[in-house]
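The values are calculated or read from the model by the stated rules, or taken from the named source; none is laboratory data. Not measured: the values here are computed from a predicted model. Ideal geometry is used to build each Cβ from the backbone, glycine not excepted, and the neighbour counts take in all protein chains shown. We work out accessible area using only protein heavy atoms, side chains counted, and drop any ligands, DNA or RNA first. Shrake-Rupley method; radii C 1.70, N 1.55, O 1.52, S 1.80 Å.
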Amino acid sequence: MINSSSPVYGQTIRNSGIREMTQGLVVGIERNGNRILNPDSTLIFENGDIVWIVGNNKKVPDLLK
């Protein structure tokens, strides 16, 4: 879940570095009870977003640190 202290807060998916950190992709976002599947790389992370990531099982948890 993204909050205002998350390192990716306010960044686009493309600029967040999630792809490089996890060797994976953001496949969905839950925002205000709505699901955004296959979000565009220009989507900006907002407070409260729940991010669905498919990637390297060993690297995804590093994103939460």
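Looking across the stretch 45-64, the residues that are open to solvent by 60 Å² or more (accessible area, probe 1.4 Å) and in contact with a Phe, Trp or Tyr (Cβ under 9 Å, 6 or more places away or on another chain) come down to 46, 47.
Under 11 Å from the mean Cα position of the chain (by Cα), touching a residue at least 12 places away in the same chain (Cβ under 8 Å) and surrounded by fewer than 16 Cβ atoms within 10 Å (Cβ to Cβ): is that true of residue 41 in this structure? Walk me through it before giving the result.
Working: under 11 Å from the mean Cα position of the chain (by Cα): yes; touching a residue at least 12 places away in the same chain (Cβ under 8 Å): yes; surrounded by fewer than 16 Cβ atoms within 10 Å (Cβ to Cβ): yes.
Yes, satisfied.
For the stretch 1-19, which positions are under 12 Å from residue 54 (Cα atoms) and open to solvent by 100 Å² or more (accessible area, probe 1.4 Å)? I'd like the intermediate steps shown before the answer.
Start the filter on the stretch 1-19 by keeping residues that are under 12 Å from residue 54 (Cα atoms), which leaves 18-19.
The answer is 19, and nothing else.
For the stretch 13-44, a residue qualifies if it is touching a Phe, Trp or Tyr at 6+ places or on another chain (Cβ under 8 Å) and β-branched (Val, Ile, Thr), and the qualifying residues are 13, 26, 27, 29.
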